[in-house]
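What follows is one structure encoded as structure tokens, with my remarks underneath.
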Amino acid sequence: MQGFYDKSVAAAKSGYPEIDADRLAAFIAAQPGIEPPVTLSNFIVPQSSGASNGILLFTAEFGRSGERRREDMVARYAPGTTMIKQKSFSDEFLTLVAAYKRGLPVPEPLWLDADGSAVGYPSFVMARIEGTPPASAMYSKGPLADVSPEARKAMMLEAAGFHGRLRREAIGRDELPHLLARGSGETDIERELNWFLAEARLSSEPDDPKLEPIVEAHRWMVAHQPAVREGTLVQGDSQIANVMFRDGRLAAVLDWELAYLGHNEADLALIVFLTETMKQLDKHVDGTPTEAEYLARFEEEAGAPAEHYDFFKLFPLFKTQCILLSGRSFQPAFEQVWTYYLAHLHAELANAKRIYGD
């Protein structure tokens, strides 16, 4: 299974269309405050990350306030047939706007083409942040690969600390009204679980046996959801492969397409789970934090204890099974990975039942 993520990303990207550079330049030229001509250069299409979206790095030259400028930018766009069927570029852009306004380390969102009428595909443009780009196989390459065990631990704890900080910030529904329409249900927990169950069903036949364990887990989690605080912004895909580092420090948290109103303990649980899982899917390395160290850093940054952590440990496993169904057509070891994650979902569900009841 080593290299599974890299192979999956490469398989997904092999069929992605390219953005028309002239249309992209015209879209930028039409933005308020931009003075033409707009010229684009230095195009780079990353191949090691971003399985669910097209990504284009480029340099834009344009006028503003009577002066010519050169700025490095990133276009994030729909890759034709999308892996995540309910994906909303508008939601992702507006979420970035709210996070950026709060001073969180995220790329500055610049311009949105929600329906793709200008660029050709639903997309948005954001400023590029300098740093070491993430890698799906995070122990083999990227910022965590060639560092000392001590530095690796510090970097990974900083990533977990970000999600504690996000909980402390408590960016709520007043700033993120668009996320209230993500999923249906009476609670934040139900809306998020329902959104992912819908995603799994959109990628499956009604009689697909692989839906059965997902539906079973969904039913139990809805029936046994604990009383929790009102949901606030959760990044939704907290794998450290979505973190950019610069000089050994966190520079930006990327990929907010799965952000929702909920509870950041679920993202902490994903970091903890992937820390050990990637040693099997990628390779073993030293200097990774323990679950207790992650929890301590999260709670320090949050200024509060983790809430119902054992329940929220189910979230990333349930979501992973749903996303695996969405992308199974291009995943080279789908059955093997499906079985691996399903076993962990069953184990965590059994543990949660011991705590919260059958």
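The values are calculated or read from the model by the stated rules, or taken from the named source; none is laboratory data. This structure is a prediction, so every number in the text was calculated from the model and none was measured. When we count neighbours, we look across all protein chains shown, and the Cβ atoms used for this are built from the backbone with ideal geometry, even at glycine. Ligands, DNA and RNA are stripped out before the accessible areas are found, and what is left, the full protein with its side chains, is counted by its heavy atoms. Shrake-Rupley method; radii C 1.70, N 1.55, O 1.52, S 1.80 Å.
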*Considering each residue of segment 227-247, count those that are closer than 20 Å to residue 128 by Cβ and over 13 Å from the mean Cα position of the chain (by Cα), and give that number.*
3
*Specify the residue that is nearest to residue 146 (Cα to Cα); the eligible residues are those in segment 236-254 that are open to solvent by less than 40 Å² (accessible area, probe 1.4 Å) and out of contact with any strand residue (DSSP E or B) (no Cβ under 9 Å at 6 or more places or on another chain).*
248
*Can you tell me which residues in segment 109-156 are of a type in the set (S, T, N, Q) and in a strand (DSSP E or B)?*
123, 132
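Here is a yes/no grid of residues against (1) over 29 Å from residue 232 (Cβ atoms); (2) not aromatic (Phe, Trp, Tyr):
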residue	(1), (2)
291	no, yes
294	no, no
298	no, no
306	no, yes
311	no, no
335	yes, yes
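Results for (1) modelled with pLDDT under 95; (2) outside any loop (DSSP other than H, G, I, E, B); (3) closer than 25 Å to residue 106 by Cβ, shown as yes or no for each residue.
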| site | (1), (2), (3) |
| --- | --- |
| 219 | no, yes, no |
| 226 | no, no, no |
| 229 | no, no, yes |
| 233 | no, yes, yes |
| 236 | no, no, yes |
| 252 | no, yes, yes |
_Considering only residues that are under 18 Å from the mean Cα position of the chain (by Cα) and outside any helix (DSSP H, G or I), which ones fall in segment 159-199?_
171, 176, 182, 183
_Which pairs turn up if I take residues in segment 164-193 that are farther than 24 Å from residue 301 by Cα and touching a residue at least 12 places away in the same chain (Cβ under 8 Å) and look for partners that are open to solvent by less than 50 Å² (accessible area, probe 1.4 Å) and small (Gly, Ala, Ser) with beta carbon separation below 6 Å, at least 6 apart in sequence or on another chain?_
191/183; 191/185; 192/183; 192/262
*What is the one condition in (1) open to solvent by less than 10 Å² (accessible area, probe 1.4 Å); (2) in contact with a strand residue (DSSP E or B) (Cβ under 7 Å, 6 or more places away or on another chain); (3) over 17 Å from residue 262 (Cα atoms); (4) of a type outside the set (Lys, Arg) that residue 176 does not satisfy?*
(3)
_Quick check on segment 214-235: of everything there that is in contact (Cβ under 8 Å) with a residue 60 or more places away in the chain and among the β-branched types (Val, Ile, Thr), which residue is most open to solvent (accessible area, probe 1.4 Å)?_
228
